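The values are calculated or read from the model by the stated rules, or taken from the named source; none is laboratory data. Values in this document were obtained by computation on a predicted structure and should not be read as measured data. Note: ideal-geometry Cβ built from the backbone for every residue, glycine included; neighbour counts use all protein chains shown. For the accessible areas, the whole protein counts, side chains as well, though only heavy atoms, and no ligand, DNA or RNA atoms are used. Shrake-Rupley method; radii C 1.70, N 1.55, O 1.52, S 1.80 Å.
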Amino acid sequence: MPLRPRYRHAFIAIVALSAGAASAACGSDRAASSAKAMLVSTARCGDDWKSGPGGVTSFTMTNNENTALSVYLRATGSGKVYFEVEGFGANATVTEQATLADGNYQLVCSGLETGPVPGTTVRVTNGASLASAEPGIVPVTSNDLLPISIAYKNWVTAQLPTLREQISTLADAVKQGPTPAAKADWLTAHLTYETLGAAYDAFGDLDAGIDSPPALGVDPVTAEDLTGFHKIEALLWSGAPAAKLTPAVADLASCVDNLVRQFPDAEIDPNDIALRAHEIIENAVEFELNGTTDAGSHTNLATVGANIVGSQKALSFLLPLLQSRYPDLAKTQDALTNAARVVAAFDHNGSWTPLDSLTRAQREAVNAALDNAVELLASVAAICDERLPGAQS
Amino acid sequence: MNRPIVGRRGFLGGLAGVGAAAALGTGLAGSALAADDASAMYAFEGPHQGGILTPAQRAAAFVAFDATAADKAELADLFQEITGRARFLIAGGTPANIGLTDSPSDNGVLGPVVPGDGLTVTLSVGASLFDARFGLSGVKPAKLSTMPAFPNDALDRTICDGDLLLQICADNQDTVVHALREIARATRGGMQVRWRQDGFVSPPRPSGTPRNLMGFKDGTSNLSTSDAKLMDQLVWTHAGRGEPAWAEGGSYHVVRVIRMLVEFWDRVNLREQENMIGRRKDTGAPQSGTDEFDTPDFGSDPEGEVIQKGAHIRLANPRTAQTDNQRILRRPFNYDNGTDPNGNLDMGLIFAAFNQDVERQFVAIQTRLIDEALVDYISPVGGGYFFALPGVKDSADWLGSALFT
């Protein structure tokens, strides 16, 4: 599964900032951006910014640290951050904008080994009203995310025996060949796995053996390099005999055994929980709603349903961080609930409507529900992105 | 002053009306600076929508949507959201700064300051919007119906019709794409794309009216959009006279995606081509005249010895007293889509037209064109009948507001 390109927030490089702040009245941000740059560094973190009216405010800063620097702007009272500059090279000049309400603010500079070092506290007055200010957030730090990733990992770990048991049931069933019972057992186990999507990254290469999708344009029944759930799916729904099903299920069982054994020692990047809450649904939209993972069972909608459960589960662990930071949290949860309801309508006692059988209106309703949820989940990943060690007041 | 609306997403599940959207947008008060580059910027507010009388821009996307909003209230939200996005995009300016709380509020395709770039966003509604779903059946425009298949049509219904149509036009293709993405992003839960056809207007070759992909100038005898009285008679719908009160200032919006069988056409000799059209291919002049804008003379040619009786321009506009009120405002775009399995190129014309009464005008013309000689070389495949909503009156108004009162 594709993963968002990740870069670790490399320990904040020494910021040598010189912040030159210029306040832009309505309609004059062109003037603001031409303001003289202020030098910033950990020694002098924007001390040239002394005061100013609120509203749209531009900060043109030149890194005077001789090394990489990180700079952010925060409100001293709430600890909310309004912008951050990372990857700020020595001698480079950048312009950032913030829309500031009245209050006290400071720039904070960090270098690789220095900081965070706050600059002078600046009182902003005569600014836009609070309602018109840009939304800042109290940054989410690694300290916030660590216990969440541990709790999430524990939850995943607790699901693995269930998965393993369901695969044993499947193994027994396929001894009788591609029976309806065997197909039902396959679906049960596959959906369990699909709810664990938040841990794809942590499953690493093991996932490839368990749930790789079939290659496009290749018959999944005969594709030699296809293994795992989708291989078994292709065999079951094409009517393959027990002699072919049994070794394929044994391979899957072996991969899951490895997973059960290795997962407790795996490291989950604390950032992953929020990324997964978002990206499980991105993957559902990209792969399941396009049907590209289908190897014959036509159960993509069932998989989407399991993915929604997986996203909801990941989100549930993040609630303590999101409740104070994400105004649309309830809306996001409602969107997932709604998507689950829309998709569940196509479950007829374990027999799922194939994508191709949806009417246009049904298809549009499914697409709209998932699209709506995934737009809202994007903020979850943005808000929970680990930022600014030491930024919290 | 136009304000950017923060690109809020998650359309369903929250009834964020205009007020709420504006509140979110106020973070940007003062930052909605019109781009002061040289490109055209059209007014968003007025009695009529832009993109109708507006001179055709170089690039266009016709995108039909089906409403997936759950009910009438969500549909109203959808119209407000489209209005908010269109209002900002047309004026241009600096997109909302949302700090670290989300992915960027604007996709950035047009750079940090969005230029107007001649953008128009025209929202039209299809007959299906007035079915039982939203309780709007009582206010359907009187002449709005589902586009029928005319005898020479080869309609693929998957690329026809729709609850809504966005006609997005601008001086550059990137501005069209930017607007489409921004509007779609803000409205994901409320509507889903049904079909889309992009188009372009060619530059004059070498002068006069732009040519279509058959190589003929197309639109030479179009209505004069500066003639307000004529527009009132032929383009704008009026309250009363059978139309609901809210329809004042709207227009029936006909879109026909007409495939041109260009390989076949290119194998047809010039005389035959010109006889089918009724104009010279090089100058665009009617066969009865010398210059492009000469008026075709049918009166002294009753037997069709100069301009054949079956010529396209003669059937489409016979220039008689009886057909005078059938004339339509055309706003066509060329399209170029790709290839067929047989290697033929898929290209043609997006016939777009505005008229006061689709039956009196477009249907009458199209009926005369049934079995014209040209039908062997063209194949209408998609499109639909829509109704372009009246304009947005002021900064508090929104597209379609009168539908919901």
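Does segment B:91-104 contain at least one residue that is within 23 Å of the chain's Cα centre (by Cα) and not basic (K, R)? Yes, segment B:91-104 has at least one match.
Listed by first and then second residue, the pairs with beta-carbon distance under 6 Å, at least 6 apart or on different chains, first residue in segment B:148-171 and among the aliphatic types (A, V, I, L, M) and part of a helix (DSSP H, G or I), second at pLDDT 95 or above and surrounded by fewer than 24 Cβ atoms within 10 Å (Cβ to Cβ), are B:I159/B:W195. Only one of the numbered conditions (1) modelled with pLDDT under 95; (2) of a type in the set (D, E, K, R); (3) under 29 Å from A:A277 (Cα atoms) is violated by A:D225, and that is (3).
Residues in segment B:352-405 that are among the aromatic types (F, W, Y) and either buried (at least 22 other Cβ atoms within 10 Å of the Cβ) or over 20 Å from B:V121 (Cβ atoms) (or both): B:F354, B:F362, B:Y377, B:Y385, B:F386, B:F387, B:W398.
Taking segment A:80-93 only, how many residues are surrounded by fewer than 19 Cβ atoms within 10 Å (Cβ to Cβ) and either of a type in the set (V, I, T) or away from every other protein chain (no Cβ under 14 Å) (or both)? Qualifying residue count, segment A:80-93: 6. Go through segment B:154-186 and give me each residue that's within 14 Å of another protein chain (Cβ to nearest Cβ) and more than 14 Å from B:F88 (Cβ to Cβ). Once the filter is applied, which keeps residues that are within 14 Å of another protein chain (Cβ to nearest Cβ) and more than 14 Å from B:F88 (Cβ to Cβ), segment B:154-186 yields B:D156, B:R157, B:T158, B:I159, B:C160, B:D161, B:G162, B:D163, B:L164, B:A184.
Within segment B:263-281, residues that are within 16 Å of B:R211 (Cβ to Cβ) and outside any helix (DSSP H, G or I) reach partners that are open to solvent by 90 Å² or more (accessible area, probe 1.4 Å) and at pLDDT 95 or above with beta carbons closer than 7 Å, at six or more positions or on different chains, in the pairs B:K281/B:L270.
Considering segment A:343-372, the residues that are buried (at least 21 other Cβ atoms within 10 Å of the Cβ) and β-branched (V, I, T) include one that is nearest to the other protein chains (Cβ to nearest Cβ), namely A:V366.
Annotation for segment A:305-324: at least one member residue is within 14 Å of chain B (Cβ to nearest Cβ), at pLDDT 95 or above and closer than 30 Å to A:E113 by Cβ.
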